[in-house]
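Structure record follows, encoded as structure tokens.
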Amino acid sequence: MTRVVHSRADLEAARAGRFGDTAVVMTMGALHEGHLALIRAARASAKTVIVTVFVNPLQFGPNEDFDRYPRTLDEDVRMCEEAEVDVVFAPAVDDVYPGGTPMVTVHPGAMGDVLEGAFRPGFFGGVLTVVNKLLNLTAPDVAYFGQKDAQQLALVRRMALDFNLPVEIVGVPTVREPDGLALSSRNRYLSTEERTTALALSAALAAGAQQATAAGIRSAARAVLDRAAAADPPLGTDYLALVGPDDFLEVADDHAGDAILAVAARVGGTRLIDNVPLRIAAAHPAGGEKNGDEAR
Ligand code: AMP
């Protein structure tokens, strides 16, 4: 039986008498199979599972989709019930921001200024501030985050390390549609034609993942995005980047080791992101090995 609570006091009451460890999955609602992968991992690992549903105003820019972001709490609760979630915590803005606009916020540092942070100024400050708040409100032993938002996951890990937070952060691989499109609450904005164009994100990552070197990965992925720029409707790429998984800085052309190939692009009025983790083998005199990882 899933309890749905909206205030800090009701959350504490719902947890009273529950012993054992707690796992939390933080979401903005409009739940889909990607969220469910996190919820299932949480369910498999902990006695108590809390799912938070909160569209955080602090992480939306003035021209972003805060007002039109999908809000489907009844359906979210139904999915949580089916997944045997113990508590859905869907607080009001005033519960999360009891002092109004916060004076004290989390500063993400240099990793928060690149890629998503460069295109969405203030975004990661808003994300880390609300993640910190929701960790304090739910006091979990473990928190699950999607690899889909790889830069966010890296920053949350870094915040947990730098703030000595008493929580384990666990990443969960990206869930995709059969044709490669990464599941996202924003996919529901896409028309059929826009969705076809949007397949270029995962196709670009898959093309990059076939290559053996950083330079080859970048150019193969870029070629797919360039073709999609001429599609109808067209794809507008914000960035394509091959970065280190812990700092999100571009890796050198002769980089060997782990990397993340990340892309952000717009189609119609919708902005989408995707990424794939890769391992680049050291150059071998007999010729390059292909990269094993694929985006779909
Ligand atoms: P959101 O509701 O978009 O803020 O996402 C909540 C959590 O679900 C974040 O940790 C996301 O990274 C994760 N998530 C969203 N989409 C996916 C997906 N397709 N696969 C795996 N995790 C996802």
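Just a few scattered comments:
- Segment Leu165..Ala92, full-extension length gain: 23.8 nm, with 0.36 nm per residue of separation and the alpha-carbon distance subtracted.
- Computed from backbone phi with θ = phi - 60° and the Karplus coefficients 6.51, -1.76 and 1.60, the 3J(HN,Hα) list for segment 119-135 is 8, 10, x, x, 4, 6, x, x, 5, 5, 4, 6, 4, 4, 4, 5, 5 Hz; x is used for glycine and proline.
- Student exercise, segment 177-222 dipole from Lys, Arg, Asp, Glu Cβ charges, in Debye to nearest 20: 180
- For segment 185-290, the Stokes-Einstein estimate of translational diffusion at 20 °C and a viscosity of 1.002 mPa s comes to 151 µm²/s, using the Kirkwood hydrodynamic radius over alpha-carbon pairs.
- If the chain linking Glu33 and Phe66 were pulled fully straight, counting 0.36 nm for each residue of separation and taking away their Cα-Cα distance, it would gain 9.7 nm.
- Column: log10 I(q)/I(0), Debye, Cα scatterers of the chain, q = 0.09 Å⁻¹: -0.46
- Rounded Å value of the spacing that divides the Cα centres of segment 213-259 and segment 70-119: 29
- Helix 150-162 axis, angle to the chain major axis (alpha carbon atoms, nearest 10°): 60
- Histogrammed with a bin width of 5 Å, the alpha carbon distances of segment 44-158 distribute as 2, 10, 18, 22, 23, 15, 7, 2, 0 percent, first bin at zero.
- Available extension along the chain between Asp113 and Asp141 is 7.2 nm, counting 0.36 nm per residue and deducting the alpha carbon span.
- Ordering of 53-65, 138-150, 217-229 by packing [mean C-beta count within 10 Å, highest first]: 138-150, 217-229, 53-65
- In terms of its C-alpha gyration tensor, segment 8-65 has an oblate overall shape, because the principal axis ratio a/c (a ≥ b ≥ c, square roots of the eigenvalues) is not below 1.5 and a/b does not outweigh b/c.
- Cβ-Cβ FRET estimate between Ala252 and Glu12, R0 fixed at 35 Å, reported to 0.05: 0.10
- The listed peptides 29-39, 195-205, ordered by packing as a protection proxy, come out as 195-205, 29-39 (highest mean of other Cβ atoms within 10 Å first).
Values quoted throughout were computed directly from the atomic coordinates according to the rules given, and no laboratory measurement underlies them. Given the structure is predicted, the values throughout are model-derived calculations rather than measurements. Here the Cβ is made from the backbone with ideal geometry for all residues, glycine too, and neighbour counts use every protein chain on show.
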